[in-house]
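First comes the structure, then the notes that go with it.
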Amino acid sequence: MWGKSKRKTVAIHKTNGASITDVIMMLNQGFVIRFAIAFVIAAPLSYIIVNRWLENFAYKTPVHWWIFVAGGLLVFIITVLTVSYQSYKAAAANPVEGIKIS
């Protein structure tokens, strides 16, 4: 599960009137931005590396750009679903439990 500070943040937002959708969007935003930055850096770099590596083989096979996009899209979907599920669990919980100091 998440750390105490994240649970407290969700609890404070809930007590201030945020809906479950607002909390999910707030928590997903950070992950989506990090994913986009990582994908923009990693996809072209891995495409170049794979093409150079495949040049050393006798039988050439093409590497298409859409393979990297499809892989990135699959990882994006899994990331959003996982983070949304955890965010929903945190947002649906009683805010008093998140604010309590343990």
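Out of curiosity, is Ala43 at pLDDT 85 or above and in a helix (DSSP H, G or I)? For Ala43, the condition - at pLDDT 85 or above and in a helix (DSSP H, G or I) - is met.
Does Ile33 satisfy the criteria of being open to solvent by less than 100 Å² (accessible area, probe 1.4 Å) and touching a residue at least 12 places away in the same chain (Cβ under 8 Å)? Here the answer is no, as Ile33 does not meet what is asked. Scanning segment 36-47 for residues being among the hydrophobic types (A, V, I, L, M, F, W, C) and either surrounded by 13 or more Cβ atoms within 10 Å (Cβ to Cβ) or more than 23 Å from Gln86 (Cβ to Cβ) (or both) gives a total of 6.
The residues listed here are Leu73, Leu27; of these, the one that is open to solvent by less than 50 Å² (accessible area, probe 1.4 Å) and in a helix (DSSP H, G or I) is Leu27. Filtering Ser5, Ser19, Ser46 for residues that are touching a helix residue (DSSP H, G or I) at 6+ places or on another chain (Cβ under 7 Å) and of a type in the set (Gly, Ala, Ser) leaves a single hit, Ser46.
Does segment 48-67 contain any residue that is in contact (Cβ under 8 Å) with a residue 24 or more places away in the chain and open to solvent by less than 80 Å² (accessible area, probe 1.4 Å)? The answer is no, given that none of the residues of segment 48-67 is in contact (Cβ under 8 Å) with a residue 24 or more places away in the chain and open to solvent by less than 80 Å² (accessible area, probe 1.4 Å).
The values are calculated or read from the model by the stated rules, or taken from the named source; none is laboratory data. These numbers come from a predicted model, not from an experiment. Neighbour counts run over all protein chains shown; Cβ positions are idealised from the backbone, glycine included. Just so you know, the surface numbers come from the protein's heavy atoms only, side chains and all, with ligands and any DNA or RNA stripped out. Shrake-Rupley method; radii C 1.70, N 1.55, O 1.52, S 1.80 Å.
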